[in-house]
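Structure record follows, encoded as structure tokens.
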Amino acid sequence: MEPDDLCPRPEFAPPPRTQPMVPGIHPAVVYRCESPGHADRLLGGEEEGHVYARDGHPNADWLAEKCRLLHRADRAAICGSGMAALTAAVLSHVGQGDAVVAADALYGRSAQLLSKELPRFGVACKTIDACDLDAVSKACASGAKLLIAETISNPLLRVADVRALAEIATSHGVRLLIDNTFAGPAVFRPLEFGADLVVESITKIMNGHSDVVLGLVCGRDEAWPDVEQTISTWGLSSSPFDCWLAQRGLGTLALRVDRANANALAAARMLETHPAASSVRYPGLESHPDHAVAKRQFGERFGTMVAFDLPGGTEVAAAFIAAAGRIAFAPSLGDLSTTLSHPESTSHRGLTPQQRASLGISGGTIRLSMGIESEAAVLEAVAEGLSVLNSRPENSQRGK
Ligand SMILES: *Cc1c(COP(=O)(O)O)cnc(C)c1O
């Protein structure tokens with residue numbers, strides 16, 4: 001054989017003789033078929049095995065199986081992003097002439113998908129306040145395929161009563177789809193409270209290292225049309241390397257969430273008594289409007305997100321962000337380190353000031369995503385930011 005001919009030969013690595021402790025990465029796009037009959041059985045779904053990576057690959061399978069077990073789901077599939085997962089879940093359930101009912105405080109891109117993109121395909125979207133159960137019931141009664149809400153809303157951290165939403169949805173023959181990104185399976189498993197489908201942005205808490213964009217859709221058998229077909233046909237699939245990284249991230253999910261939850265509660269309690277902050281929102285605080293629902297659904301962990309207001313608006317928020325320099329202003333969530341976001345200039349910048357006000361967001365609203373630093377380090381970093389505000393006369397006189 002000419003040396004040159006070695007290069008284009010397919011690589012056939014022999015299976016390892018002993019079991020590696022870490023799963024391999026399988027970047028192969030295509031898999032070898034033994035015969036036309038074999039190809040036919042694989043592609044027809046009569047025999048298990050991969051043929052083409054957009055349809056599925058081992059790294060996505062392994063990650064999906066872990067997520068399926070975490071959520072006690074019948075089915076699970078991995079998508080290239082959280083938005084891809086939501087798109088797959090929705091597109092596999094709706095067609096022209098259908099309608100969906102969606103919470104009015106959804107993640108920005110989710111709201112855009114449902115209220116701007118779906119109508120272009122003849123699917124109507126009715127928005128409601130997911131905490132107003134009468135409004136939810138009325139909207140579902142006029143016919144819908146899906147009721148869509150988030151476990152914990154952004155940035156005000158309202159908690160959806162998933163059991164109540166599931167009862168309403170079921171009574172009207174509507175499927176309940178919950179975006180559980182802000183909680184994650186270590187805090188809450190919506191399927192156990194009656195949801196039919198769950199989507200999560202693995203990008204956030206699940207992977208936990210801010211180095212992967214991926215999404216999860218999982219659910220019950222009876223609410224699972226061929227979601228895998230939708231994922232492959234619309235091109236919503238995932239990359240093997242990203243799945244491998246996310247599986248690695250999942251290894252520490254329980255530990256990370258434990259620490260970040262404890263930090264969140266500590267920060268919320270500190271902010272609640274601090275004269276420079278107002279309207280502290282954390283589902284674990286007795287003062288939170290949904291504390292009872294949160295307790296019933298989450299048990300002892302109330303999530304890793306904390307929001308609060310700085311009276312004085314954008315200017316005061318900017319001063320806090322500058323002074324709290326140890327906390328990165330990074331408009332995402334779920335990183336190893338504590339980060340902060342300013343909804344007015346990031347996630348909610350597309351809304352009018354009136355719309356923001358009606359959601360309870362001001363220029364002074366700050367949202368923290370707690371990391372896994374020591375509690376002392378986190379509290380010190382937050383206090384550092386607040387200390388410059390404290391010295392402002394308009395704040396120090398406010399009291400609490
Ligand atoms: C980030 C996020 C998404 C979208 O996930 P991507 O992985 O960024 O596509 C959806 N819902 C919520 C609540 C999110 O925070």
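The values are calculated or read from the model by the stated rules, or taken from the named source; none is laboratory data. Keep in mind the model is a prediction, meaning the values are calculated, not measured. As a convention, Cβ positions derive from the backbone with ideal geometry for all residues, glycine included, and neighbour counts pool all protein chains shown. Side chains included, ligands, DNA and RNA excluded: accessible areas come from the protein's heavy atoms. Shrake-Rupley method; radii C 1.70, N 1.55, O 1.52, S 1.80 Å.
Numbers at a glance
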quantity	calculated
Coarse-grained scattering of region 1-140 at q = 0.12 Å⁻¹, given as base-10 log I(q)/I(0) from a Debye sum over alpha-carbon atoms	-0.76
Nearest-0.05 FRET efficiency for ASP211 and ALA322, computed from C-beta distance (R0 30 Å)	0.65
For region 112-179, the fraction of alpha-carbon pairs in successive 5 Å shells from zero, as %	3, 17, 27, 26, 17, 8, 1
In order through region 108-125: 3J(HN,Hα) via Karplus (6.51 cos²θ - 1.76 cosθ + 1.60), integer Hz, x for Gly, Pro	x, 5, 5, 4, 5, 4, 6, 9, 10, 7, 4, x, 5, 10, x, 10, 7, 10
Lys, Arg +1 and Asp, Glu -1 on Cβ, resulting dipole of region 1-71 about Cα centre, debye, nearest 20	380 debye
Length-normalised contact order of the chain in % [C-alpha pairs under 8 Å, at least 6 apart]	16 percent
Computed label-point distance, nm, for sites THR233 and GLN96 using a 7 Å Cα→Cβ extension	1.4 nm
Estimated inter-spin distance, PHE121 and GLU2, nm [label 7 Å along Cα→Cβ]	4.9 nm
Cα gyration tensor category, rounded, prolate or oblate, for region 102-254 with a/c compared to 1.5	prolate
Column: log10 I(q)/I(0), Debye, Cα scatterers of the chain, q = 0.07, 0.09, 0.13, 0.15 Å⁻¹	-0.36, -0.58, -1.08, -1.35
Projected label distance in nm at SER387 and LYS295, using a 7 Å step from Cα toward the beta-carbon	3.6 nm
Spatial separation of Cα centroids for region 113-149 and region 22-36, in angstrom	41 Å
Cα long-axis angle, helix 82-91 against the chain (0 to 90 degrees, to the nearest 10)	70 degrees
Computed accessible area, ARG75, all protein chains, 1.4 angstrom probe, square angstrom	90 Å²
Listed residues TRP234, TRP62, TRP244 arranged by accessible area, highest first, probe 1.4 Å	TRP234, TRP62, TRP244
Structure-based [θ]222 nm, the chain - -39500 (n - 2.57) summed over DSSP H runs of at least 4, per residue, nearest 500	-10500 deg cm²/dmol
Taking all pairs of distinct alpha-carbon atoms in region 261-400, Kirkwood radius in angstrom	15.2 Å
Cα shape, region 61-101, gyration tensor, a/c 1.5 rule	prolate
Modelled FRET efficiency - R0 56 Å, GLU375 with SER35, Cβ distances, 0.05 increments	0.35
Hits among aspartates and glutamates - C-alpha to C-alpha of LYS116 under 18 Å, sequence gap 8 or more where chains match	ASP98, ASP104
Accessible surface ranking that places the most exposed of THR233, THR352 first, with a 1.4 angstrom probe	THR233, THR352
Rel. contact order, % - alpha carbon contacts under 8 angstrom, at least six apart, region 159-246	23 percent
Contour excess over end-to-end distance, with Cα ends at ASP74 and GLU192 and 0.36 nm allotted per residue	41.3 nm
Cα long-axis angle, helix 314-323 against the chain (0 to 90 degrees, to the nearest 10)	70 degrees
Using alpha-carbon coordinates, inclination of helix 162-171 to the longest axis of the chain, degrees	60 degrees
Per-residue SASA entry for GLU228, accessible area with 1.4 Å probe, Å² rounded to 10	70 Å²
Relative contact order, percent, region 77-169 [alpha-carbon distance under 8 Å, six or more residues apart]	30 percent
Simple Cβ-charge dipole of region 95-159, Lys/Arg +1 and Asp/Glu -1, about Cα centre, in debye nearest 20	200 debye
Computed log₁₀ I(q)/I(0) - Debye formula, equal Cα scatterers, no solvent, region 305-377, q 0.21 Å⁻¹	-0.89
Dimensions in Å of region 1-81 - Rg and Dmax from alpha carbons	16.2, 54
CYS125 accessible area, assembled protein chains, probe 1.4 Å, Å²	40 Å²
Positive-end residue of THR181, PHE302, ALA64, charge dipole of the chain with Cβ unit charges	PHE302
